[in-house]
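Peer 1: First, the structure itself, so that you have it in front of you.
The values are calculated or read from the model by the stated rules, or taken from the named source; none is laboratory data. All figures in this text were calculated on a predicted structure; none of them were measured in a lab. FYI the Cβ positions are ideal-geometry reconstructions off the backbone, even for glycines, and counts take in every protein chain you see. The protein model used for the area step is the full one, side chains on, heavy atoms only, and it has no ligands, DNA or RNA in it. Shrake-Rupley method; radii C 1.70, N 1.55, O 1.52, S 1.80 Å.
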Amino acid sequence: MTIRRPLIAGNWKMNGRVADTAWVERFQDALAASEVDVLVCPPATLLHAFGELLASRAIALGAQDCSPEPDGAYTGDISAGMLKDLGCSHVIVGHSERRSGHGESDALVRSKAEAALREGLTPILCIGENLKEREEGRAVETVLAQLAASLPEARAEKIVIAYEPVWAIGTGRSAGPDEAQEMHAAIRAAWPGADAQALRILYGGSVKPDNAGELLACPDVDGALVGGASLDPRVFARLVNLSS
Ligand code: PGA
């Protein structure tokens, strides 16, 4: 019997305006009773409004990034403490769009995850290989090296790992269940503590209602990090409903 409760997380990326907070009501209306944890990560501009709307609901709030610093002269940055202040319980760190678009190194990602942990936030640490690495048969090796270099010291229940193959993000081409299971099992086996069975490992990359069932049925896939398909409240609710 698994001790892990599935987590379905929506990553809105740089999408959404104030009017889109109506998503919360629509999502809730389409949600059936669920046995899974649900998290939404809107852009920073909407965190405050979402925090107020979600306060009375069983939907957690997360951010998409945080600074490794606690406070101070860091123009444009947002600290983990500020996110906590807005009601966030989670923060994504090391998403491949930040690693590639903003040159974030494993060391920086690790310090962001540590900053999140210091504030009592759960970091969702993203790792994943690119297409060349997969085609050259180096996918597992690449991902485990990223994990080793960006993982902070933490108990398994204080962190979430998201395996997101770069070639599957926003492309409509998801990893197959065998590819996902192989990687998730490798990540769990590489977990440094004795509590690997408590670690939640999400799959991310073109998760949609028509492929979520087979991915979530894999024994080491504990949920999903969903980009595009989280923007439509009914589609995201279908994903949550079929994970229950
Ligand atoms: P996608 O994005 O579902 O649109 O592929 C996933 C992610 O980047 O978290």
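Peer 1: Using a 1.4 Å probe, what is the accessible area per residue for the chain, in Å²?
Peer 2: Counting only protein heavy atoms, the per-residue value for the chain is 45 Å².
Peer 1: Please quote Rg/Rh for the stretch 6-128 to two decimal places, taking the Kirkwood radius as Rh and restricting both calculations to Cα atoms.
Peer 2: Rounded to two decimals, Rg/Rh equals 0.97.
Peer 1: Out of all Cα-Cα pairs in the stretch 69-149, roughly what percent, to the nearest whole number, are more than 14 Å apart?
Peer 2: Summing the P(r) of the stretch 69-149 above 14 Å gives 66 percent of all pairs.
Peer 1: State the dimensionless ratio Rg/Rh of the stretch 152-244 (Rg: radius of gyration of Cα atoms; Rh: Kirkwood radius).
Peer 2: 0.98
Peer 1: Also, quick follow-up: Full-extension gain between Glu25 and Ala73, please, as 0.36 nm times their residue separation minus the C-alpha to C-alpha distance.
Peer 2: Extending this stretch completely gives an extra 13.5 nm.
Peer 1: Which residues does a label at Ala194 reach in the stretch 148-167, if reach means a backbone N under 14 Å from a point 7 Å past the Cα toward the Cβ?
Peer 2: Output list for this probe position: 156.
Peer 1: How long, wide and thick is the chain, going by the Cα atoms along their three principal axes, in whole angstroms, largest first?
Peer 2: Largest to smallest, the principal-axis extents are 45, 44, 33 Å.
Peer 1: Bin width 5 Å, origin at 0, all Cα-Cα pairs of the stretch 46-97: what percent of pairs per bin?
Peer 2: Percent of pairs per bin, in order: 5, 20, 29, 21, 16, 7, 2, 0.
Peer 1: Here's a follow-up. Can you tell me the order of 25-31, 12-18 when each peptide is scored by its average per-residue count of other Cβ atoms within 10 angstrom, highest first?
Peer 2: With the highest mean Cβ count within 10 Å placed first, the list reads 25-31, 12-18.
Peer 1: What net charge do the residues around Leu61 carry, taking every other residue with its C-beta under 15 Å from that of Leu61, with Lys and Arg at +1 and Asp and Glu at -1?
Peer 2: Cβ neighbours under 15 Å give a net charge of -4.
Peer 1: Carbon-plus-sulfur fraction of the accessible area of the chain, 1.4 Å probe, in percent? Intermediate values should be presented prior to the final figure.
Peer 2: Working: 5680 of 11030 Å².
Carbon-and-sulfur percentage of accessible area, whole number: 52.
Peer 1: While we're here: At 0.36 nm per residue, minus the direct Cα-Cα distance, what do Ser56 and Ala33 gain on full extension? Give it in nm, one decimal, please.
Peer 2: 6.7 nm
Peer 1: Considering the Cα positions of the stretch 111-196, please state its Rg to one decimal place and its Dmax as a whole number of Å.
Peer 2: 13.4, 40
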